[in-house]
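Asker: This is the structure, below, for whatever I ask next.
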Amino acid sequence: MSIEPKNLDLNAALDTKPTSNRNMTGEPDSETSTLDEDAQQMADLGYKQSLKRQWKFAENFAASFCAMNFIGVTRAIFFLGILAGGPKAMWSMQIVSMFLMWITAAVLAEICSAIPLSGSIYIWAAEAAGKKYSRFVGMLVAYFACTAWMTFSAGNMQTTANFIVSLLTVFEVDFPGGLSTSNVKFRVMVWGISEALLILVIALNYLPPRAYSWVFKGSMFLMLLDFLLCLIWLPIGAARSYGIRSASEAFMTTYNGTGAPPAWNWCIVFIYATGPLIGFDASGHVAEETKNASTVAARGIFTSAIASGLAGFGATLLFLFCTPPIDVWMTFTSPQPFVEIYALAFGKGGCVFMTVLAVLGLIANSSIAIVASSRLVFAVARDGVLPGSAWVGRVTPDGRPQNAVTVFYVFGAVLLCTILPSNVAFTSLVSAGAIPTIAAYSLIALCRLFVTPNEFKHTRFGLGKFGKPFYLIAGIWNAFLFAVLISPFVYPPSAPNFNYGPVIFGAAIIFAIATYFFTPEEKWLRQGLVANISKDVARPVNSQHIFTPVQE
């Protein structure tokens, strides 16, 4: 006997009178009507509206665009791209990655439009897997997503700390033991700065939704200002100091600094090429706080992937022309080589300015990433699977999942403590952030292809005849990328350079399987709720093309 979905009272979900859909002129209030439709869709899916729904396309787009942080990610892993294939591999593989990740984003946008819920990705996976495997696949992806977002945000804090401590090299500060990860005093300093930065970005998440809207906008402004200054100022500074790279150097140079066979060395460069394109599902995680979510959140996923891909490719071309030759890179000793590049190009004053700008951008971007990840934790708690779910899933009177943010802080602070015993272990833990996300993308696409190819009719972004080809491409591409991410980054593998990402990923699978067997069905993704969602997503609606202008 199945348990029927609860919380289907629309008026309770809206917490307003059902007769308030007209404005002062007596005409229908379009904004209230949109909120009614959003709450009705949630009620149809078996959930009650509890988060404050007031963000529009700009905020939803920013949730993914800023979390992906094209300029920060490109800069942070640029040296990895140089080692794995060199300039020729970097720009060419980035073109390939852009188109394939755009196809993946289109696949997720189609599902998001049908199921615009917080923590969407594990619900998408459950529904894509069909009735028989829904709970198991949903459980897997829930653990994948939580692992990915928690490690990603902790890693951002260490990246930000590395920018700050790299200024010690610029000002020739003699740090005891040297600025090396083998120096425990250095690791303690990075840990302390990272923990302080985590407190700051968590504090921003306690802002009310209306105020936090400015964090979204401010983050986009900082990113674009950073990129614009690099675009204008860096070529001038480079020309006056170490010189601009020739077209041959910027486009045709190859390099193998990983020790891998040449073909696989080029494959490793996909880690760099896809870096600015992982995380567009964040728009789905804030869907319950977005007006007209079935349209706006889906378009936020797709357009943020397009924008981040193009902007990241532009940043790659800029840096390939305006960074020093590889032999100069090899002389850098700071944790973040770009700080030393800025010092060569701009002098100490300009270097400090650009470093501060990068740090502020990373703080804002990390805060937005925590917005997405905390909504994921909230959604899992709401479905009852976490210890203390009743407390974790509770929201404030103004509709914020503040307790989920607090839980996220605790996990992030613990993850950062791994810097202290071994920086290698911490780096591996952070590198595992992309692995579960890519695994989830591939799993969802393959389930859509083989299990539910004709479902999700209740979407405004149906892929039509492109559906099955897109599912196949996205499934195979992300499976290949997964294989790259779990491979050794340096050959031959050894204890100091071992990629612990697969170990972390394996642990997530073990916890998911254990939870699946020990969590009663009525506690999480109960069959009645799954059936209710399946019935709703199978109901056809009038689909529209993904490029149709947004109606807010």
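The values are calculated or read from the model by the stated rules, or taken from the named source; none is laboratory data. For clarity, every value in this text was computed on a predicted model and none was experimentally measured. Ideal geometry is used to build each Cβ from the backbone, glycine not excepted, and the neighbour counts take in all protein chains shown. The protein model used for the area step is the full one, side chains on, heavy atoms only, and it has no ligands, DNA or RNA in it. Shrake-Rupley method; radii C 1.70, N 1.55, O 1.52, S 1.80 Å.
Asker: From the Cα gyration tensor of region 147-186, with a ≥ b ≥ c the square roots of its eigenvalues, which class applies: rounded if a/c is under 1.5, or else prolate if a/b is larger than b/c, or else oblate?
Answerer: Cα axes put region 147-186 in the oblate bin.
Asker: What translational diffusion coefficient, to the nearest whole µm²/s, does region 262-305 have by Stokes-Einstein, given a Kirkwood radius computed over alpha-carbon pairs, a temperature of 10 °C and 1.306 mPa s viscosity? Before the final figure, lay out the partial values.
Answerer: Working: Rh = 12.0 Å.
The Stokes-Einstein estimate is 132 µm²/s.
Asker: Using amide H atoms built 1.01 Å from N in the peptide plane, name the residues 5+ places from THR459, or on other chains, whose amide H lies under 5 Å from its own.
Answerer: For THR459, whose amide H was placed from the backbone, the distant partners under 5 Å are VAL541.
Asker: In square nanometres and to one decimal, what's the mean projected area of the convex hull around the Cα atoms of the chain?
Answerer: Quarter of the Cα hull surface area: 25.4 nm².
Asker: May I pose another question? Take the solvent-accessible surface of the protein heavy atoms, probe 1.4 Å, and return the percent of it on the chain that carbon and sulfur atoms account for.
Answerer: Taking all protein chains in place, the chain shows 67 percent carbon and sulfur surface.
Asker: Counting only protein chains, not ligands or nucleic acids, how are TYR242, TYR206, TYR342 ordered by accessible area (probe 1.4 Å), most first?
Answerer: Values: TYR242 50, TYR206 85, TYR342 0 Å².
Of TYR242, TYR206, TYR342, the descending order of accessible area is TYR206, TYR242, TYR342.
Asker: From the cross-link list LYS48/LYS291; LYS52/LYS457; LYS291/LYS457; LYS131/LYS457; LYS52/LYS291, which pairs have alpha carbons spaced over 19 Å apart?
Answerer: Violating the 19 Å Cα-Cα cut-off are LYS52/LYS457; LYS291/LYS457.
Asker: Here's another thing I want to ask about it. Strictly greater than 16 Å: what percent of every Cα pair in region 99-193 meets that? Please list the in-between numbers first.
Answerer: On the way: 3096 of 4465 pairs.
So the portion of pairs separated by more than 16 Å is 69 percent.
Asker: Let me ask you something else. Dimensions of region 139-259 along principal axes (Cα, Å, largest first)?
Answerer: Extents along the principal axes: 48, 39, 36 Å.
Asker: Turning to a different aspect of this structure: Over all distinct alpha-carbon pairs, what is the Kirkwood Rh of region 58-137 in angstrom? Walk me through the intermediate numbers first.
Answerer: Details: mean 1/r = 0.0655 Å⁻¹.
So the Kirkwood estimate lands at 15.3 Å.
Asker: Solvent-accessible area of THR331, probe 1.4 Å, all protein chains present, reported in Å² to the nearest ten, please.
Answerer: 90
Asker: Semi-axes of region 204-302's equivalent ellipsoid from the Cα gyration tensor, sqrt of 5 times each eigenvalue, largest first, rounded to whole Å?
Answerer: Listed largest to smallest, the semi-axes of region 204-302 are 37, 23, 11 Å.
Asker: If each DSSP helix of 4+ residues adds -39,500 (n - 2.57) and the sum is divided by the residues in the chain, what number results at 222 nm, nearest 500 deg cm²/dmol?
Answerer: -22500 deg cm²/dmol
Asker: How long are the semi-axes of the equivalent ellipsoid of region 306-410, taking √(5λ) for every eigenvalue λ of the Cα gyration tensor, in whole Å from largest down?
Answerer: On the way: eigenvalues 343, 46, 34 Å².
Ellipsoid half-lengths, sorted descending, are 41, 15, 13 Å.
Asker: Ok, one more. Treating the angle as unsigned and between 0 and 90°, give the value, to the nearest 10°, between the Cα long axis of helix 337-382 and the longest Cα principal axis of the chain.
Answerer: With rounding to tens, the tilt is 20 degrees.
Asker: For region 348-399, divide the Cα radius of gyration by the Kirkwood radius and give the resulting Rg/Rh value with two decimals. Don't skip to the answer; put the middle values down first.
Answerer: On the way: Rg = 17.5 Å, Rh = 13.3 Å.
Value, to two decimals: 1.31.
Asker: Mind pulling the angle between the C-alpha long axis of helix 30-45 and the longest principal axis of the chain? Nearest 10 degrees, somewhere in 0 to 90.
Answerer: Taking the Cα atoms of the chain, the angle to 30-45 is about 80 degrees.
Asker: Moving on to the next point. State in Å² the accessible area per residue of the chain; use a 1.4 Å probe, count heavy atoms of protein chains only, and round to the nearest integer.
Answerer: That works out to 39 Å² for each residue.
Asker: Helix 467-485 sits at what angle to the longest principal axis of the chain, using alpha carbons and giving 0 to 90 degrees rounded to 10?
Answerer: Roughly 40 degrees between the two axes.
Asker: What does the charge add up to near LEU463, with Lys and Arg as +1, Asp and Glu as -1, over the other residues with Cβ less than 11 Å from its Cβ?
Answerer: After counting each charged neighbour, the total is +2.
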